[in-house]
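Chemist: Take this structure first; my questions come after.
The values are calculated or read from the model by the stated rules, or taken from the named source; none is laboratory data. Everything quoted here is computed from the prediction, not taken from an experiment. Cβ coordinates were reconstructed from backbone atoms using ideal geometry, including for glycine residues, and neighbour counts include every protein chain displayed. Keep in mind that these areas ignore ligands, DNA and RNA; they rest on the heavy atoms of the full protein, side chains included. Shrake-Rupley method; radii C 1.70, N 1.55, O 1.52, S 1.80 Å.
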Amino acid sequence: MFVLPYYKITVEQPLRLNFAATPDRIAQIEDQTPFKNLAKSKKRSGPARDAQIAAGQARQDQIRHLLKSLSQTTNGALTRERDAFLATLAEQATNVGMKLSAPERKAILAALSEPDPQAATCRDRQGKPEPDARLRDTENVPLGDDINEYMTREVLSHIPDAWVDHAKTKTGYEIPLNKHFYVYEPPRPLGEIKTDLQTLETEIAELLSQITA
């Protein structure tokens with residue numbers, strides 16, 4: 001049986017976000033899992049559980065106050081660079097006497113950000129661009145082709161800053177079913193088709209005559 005082997009590659013594009021402490025975005029903090037988890041407890045019951053939940057709710061109020069003060073300080077201005085926004089956020093947290101944990105900071109970033117193709121690329125600690133999961137795509141590259149040449153020819157000409165996550169590359173095989181099982185059937189002669197249509201027209205006319213009789 002004839003099969004077509006290929007590489008299945010994962011094509012990434014850089015994450016680009018803008019940030020703003022506007023009322024609509026601040027309201028989204030309530031939907032962020034790390035924020036909601038602050039007011040939850042793994043303890044089953046009792047005073048310790050109640051105290052933990054109360055402490056979490058108080059922390060939520062502190063974060064709400066921080067974001068409100070951030071909105072007032074920045075006047076909801078848009079920032080298209082994550083590091084610059086993080087610096088502003090850290091400065092405002094210091095001003096109100098807070099130190100944010102990593103999960104809290106992550107929740108705030110998620111709430112106050114939106115995708116923006118004009119924004120600066122978000123980078124990790126090593127300076128490498130972070131991928132945007134919403135723009136992730138896959139391509140099938142014939143096994144005999146060079147992946148880099150394929151990217152240059154088929155992808156980079158349209159998306160210059162895309163790259164391949166080679167850790168996710170897989171090998172697959174495609175079986176062209178049409179090639180193996182398709183049997184060509186020539187169309188019927190036009191005369192036969194015309195005869196069938198005339199027969200159907202006659203039957204329809206007879207049915208209509210019975211209805212209107």
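Chemist: If you count only protein heavy atoms with a 1.4 Å probe, what accessible area per residue comes out for the chain, rounded to a whole Å²?
Modeler: Spelled out: the 1.4 Å probe surface of the chain, per residue, equals 70 Å².
Chemist: Also, I was wondering about something else. For the chain, what is one quarter of the convex hull surface built on the Cα atoms, given in nm²?
Modeler: 27.6 nm²
Chemist: Of Leu70, Leu143, Leu197, which has the largest mean-square fluctuation in a 10 Å C-alpha GNM of the chain?
Modeler: Leu197
Chemist: Please list, in chain and number order, the residues 5+ apart from Leu15 or on another chain whose amide H is under 5 Å from its amide H, with Hs placed from the backbone.
Modeler: So Leu15 has HN proximity to Cys122, Glu130, Asp132.
Chemist: Going by a ≥ b ≥ c, the root eigenvalues of the Cα gyration tensor, does segment 20-113 fall in the rounded group (a/c under 1.5), the prolate group (a/b larger than b/c) or the oblate group?
Modeler: Cα axes put segment 20-113 in the prolate bin.
Chemist: How large a share of the accessible area of segment 102-213, in percent, is made up of carbon and sulfur atoms when the probe is 1.4 Å and the other protein chains stay in place?
Modeler: That share works out to 55 percent.
Chemist: Residue by residue through segment 160-165, what is 3J(HN,Hα) from phi via Karplus (6.51 cos²θ - 1.76 cosθ + 1.60, θ = phi - 60°)? Round to whole Hz and write x for glycine and proline.
Modeler: x, 9, 7, 8, 9, 8
Chemist: Counting other Cβ atoms within 10 Å of each Cβ, which chymotrypsin sites (Phe, Trp or Tyr not before Pro) in segment 162-207 have at most 16 and sit in a DSSP loop?
Modeler: Those satisfying the criteria are Tyr182, Tyr184.
Chemist: In the Gaussian network model of the chain, springs joining C-alpha atoms below 10 Å, which of Ile175, Ile159, Ile108 carries the largest mean-square fluctuation?
Modeler: It is Ile175.
Chemist: Something else about it: So, taking all protein chains as they sit and a 1.4 Å probe, how much accessible area belongs to Val96, in Å² rounded to tens?
Modeler: Accessible surface of Val96 is approximately 50 Å².
Chemist: Taking each full run of DSSP H in the chain as one helix, which ones are at least 30 Å long along their axis (Cα atoms) and have mean Kyte-Doolittle hydropathy of at least 0.0?
Modeler: Length and hydropathy pass: 190-212.
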